[in-house]
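One structure below.
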Amino acid sequence: MLNHLKLELEKRKADGLLRQRRLLDSPQAEHIVANDKHFLAFCSNDYLGLANHPDLVTAMQKAAGDSGVGSGASNLITGHHRYHDALEKQLAKFVDLPAALLFSTGYMANIGVIGALMGRNDAVFADKLNHACLNDGVYYSLAEFNRFPHNDVAGLEAMLKASTAKLKMIAADAVFSMDGDIAPIPEYLALCEKYDAYLYLDDAHGFGVLGEHGQGSLNHCYTKLNMPKSPRIIMMATLGKAAGVAGAFVAGEQVVIDYLIQSAKSYVYSTPAPPALSATLSASVRLIEQGDDLRAHLRMLIAYFKANLNTKKWQLMPSDTSIQPLLVGDNLEALALSEYLQTHGILVPAIRPPTVPVGTARLRISLSAAHSLDDVKKLIDVLHQAEAVL
Ligand SMILES: *Cc1c(COP(=O)(O)O)cnc(C)c1O
C-alpha cells in the first residue's frame, strides 16, 4: 500500500492535481496571513464577514464560561443542551419550517439524512454537479442513484417518470458550490407533486445570503418566484459558511425531524458540537436577520465585479451569487493564474478536478460583505494584468 500511495501522489503532482494546505495565522477575514504572507483573499465562504465578528467572539467566550467547552455525550444520552435546543427552534422559525435538527457538519447532515430516509428500494435523483457529500449520502443509503445533467428539468422528469421506486427523492444544491448558479427549485417541487417525490435541498451557499433577511434559497423562491410551501421539502444548510461558525441543520416537517432523531446515524452515534457553539450561532442568526445592509453591500460588489471584469481569455460563469467562478479550463493554466494573483497579494485558489469536471478548472472567486469596493477593484485590475502577461 505505501508504495501505491507514493506513486499516486507523484502522479497527481505531475498532472497539476496535488492539493496543498496553506497555513493560516490570522482569523478568517478578507485580509489574511497565510504561509507567512499577507493576502487580500477571495476564497472563503464567510459571505457576510461573520467568522471574526466581535459580537460572536464575545458570545462564544461567554457561553464557554457558563456551558463549558465539551458536550460530553451523544444527543440521546446527555449531550443535548438547552443551547442546542434553543438554536434548533430559532432556525426552524427563521427558515419557516416546522422543525429543525442540528448536525456537527454539513457533511454529516447529508450522509445522515439521506442515509436515514432512503433505502434499498428507493431512488434518489441528483444533479450531476451536486456537492460530494450529497453523493456520499446516496451511496451510503444504498438507494438507486440517478444523476441528471446540471439543472436539466426535462431530463430529471424523464427519469422520474420511468422510475418504479417505492420512495423518490430529488436532491440538489440550491446554490451550486463551484458554479454559483441557483437550481430550478420551483420546477423541482412541481415534479415532486407530479411524481410523488420529496425534495432535499442543500442550501449551504444560500442560507444567510439569499431571501428576505437572509432566510435562504427557499425564501427566495417563496417571495420572488411564487413557489408554494410544501410538506415535501426538506432543507439542509451549513453554519460554517455565511453564519461564520460551524455546524449544520436540517429542517422540515416535524415527523421527518422526529424520525431523524431516531435513525440518522451521524446524529445518534456522534457527540454534538459544544453547546457554546450553538449559543454563538444563535447570536449569528440574529446578526444575519439584521444584516440587510451587509447583503445590499454584497449585491453591489457582485454587480460591480460582473460589470467590470472584462477578460477575453477567461470567462465568468453565469452566476448572480457571491460565488463568481472564472473558467480557465486547463489545470496548469488555472494554477499559473492563481500563482500570478498570489505574487500580487491576492489569494484565489485554483479549483481542479475531481472537485469540478475535467477540463473546467477555474478560479472560484468568492465575494463577501467584508470586502470593500476598492478590494474588488484591485482584484479586477490584477486579473486584467494577468491576461496581458500569461
Ligand atoms: C460546504 C458544503 C457542505 C458541507 O458542509 P460542512 O459543514 O462544511 O461539512 C455541504 N454541501 C455543500 C453544497 C457545501 O458547499
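Once both labels are positioned 7 Å from their Cα atoms along Cα-to-Cβ, the gap between Ser74 and Met1 label points is 2.6 nm. Using a Gaussian network model of the chain in which every pair of alpha carbons under 10 angstrom is joined by a spring, one finds that among Asn146, Asn308, Asn110 the greatest mean-square fluctuation is at Asn308. The ranking of His131, His4 by Cβ neighbour count inside 10 Å, starting from the fewest, reads His4, His131. In whole percent, what relative contact order does region 260-371 give with Cα contacts below 8 Å and a gap of six or more residues? The value is 22 percent. The stretch between Ala388 and Arg82, if pulled fully straight at 0.36 nm per residue, gains 104.4 nm over its current Cα-Cα span. Per-residue ellipticity at 222 nm, computed for the chain from helices alone with -39500 (n - 2.57) per DSSP H run of at least four residues, works out to -13500 deg cm²/dmol. Report the FRET efficiency, 1/(1 + (r/R0)^6), for Ser372 and Glu339, where r is their Cβ-Cβ distance and R0 is 22 Å, rounded to 0.05. About 0.35, to the nearest 0.05. Do any trypsin sites (Lys or Arg not before Pro) in region 53-155 lie in a loop, going by DSSP, with at most 16 other beta-carbon atoms within 10 Å of their beta carbon, and if so which? Answer in residue order: Arg120, Lys128. Each Lys or Arg adds one and each Asp or Glu takes one away; over the other residues whose Cβ falls under 12 Å from the Cβ of Pro354, this sums to +2. At a Cα cut-off below 24 Å, give the lysines reachable from Lys313, other chains included and same-chain residues fewer than 8 away excluded. Once the sequence-local lysines are set aside, what remains near Lys313 is Lys377, Lys378.
As an exercise, use a Förster radius of 45 Å and the Cβ-Cβ distance of Ser163 and Asp258 to find the FRET efficiency, rounded to the nearest 0.05.
0.95
Under 11 Å from a label point 7 Å along Cα→Cβ of Ala132: give me every residue in region 1-43 with its amide N that close. Backbone N within reach: 19. In this structure the amide hydrogen of Ser270, modeled in the peptide plane, comes within under 5 Å of the amide hydrogens of Asn75, none closer than 5 places in sequence on its chain. For the chain, averaging the sequence separation of C-alpha pairs within contact (under 8 Å, six or more residues apart) and dividing by the residue count gives a relative contact order of 22 percent. Here the relative contact order of region 71-289, from alpha carbon pairs under 8 Å that lie six or more residues apart, stands at 28 percent. Assign one of three labels to region 156-275, namely rounded, prolate or oblate, based on the Cα gyration tensor with a ≥ b ≥ c the square roots of its eigenvalues; rounded applies when a/c is under 1.5, prolate when it is not and a/b is larger than b/c, and oblate otherwise. Since a/c reaches 1.5 but b/c is at least a/b, the shape of region 156-275 is classed as oblate.
With a simple spin-label model that places each label point 7 Å from the Cα along the Cα-to-Cβ direction, the separation between Ala64 and Val33 comes to 1.9 nm.
Based on the alpha-carbon gyration tensor of region 310-390 and its eigenvalue square roots a ≥ b ≥ c, which shape applies: rounded if a/c is under 1.5, prolate if not and a/b is larger than b/c, or oblate? Here region 310-390 falls in the oblate category.
Close amide H partners of Ser26, meaning residues 5 or more places away or on another chain with modelled amide H under 5 Å apart, are Val33.
Read the figures in this text as sums done on the coordinates, not as results from a lab. What you see is a predicted model, and the numbers here were worked out from it, not measured in a lab. So basically every Cβ, Gly included, is an ideal-geometry build from the backbone, and we count neighbours across all protein chains shown.
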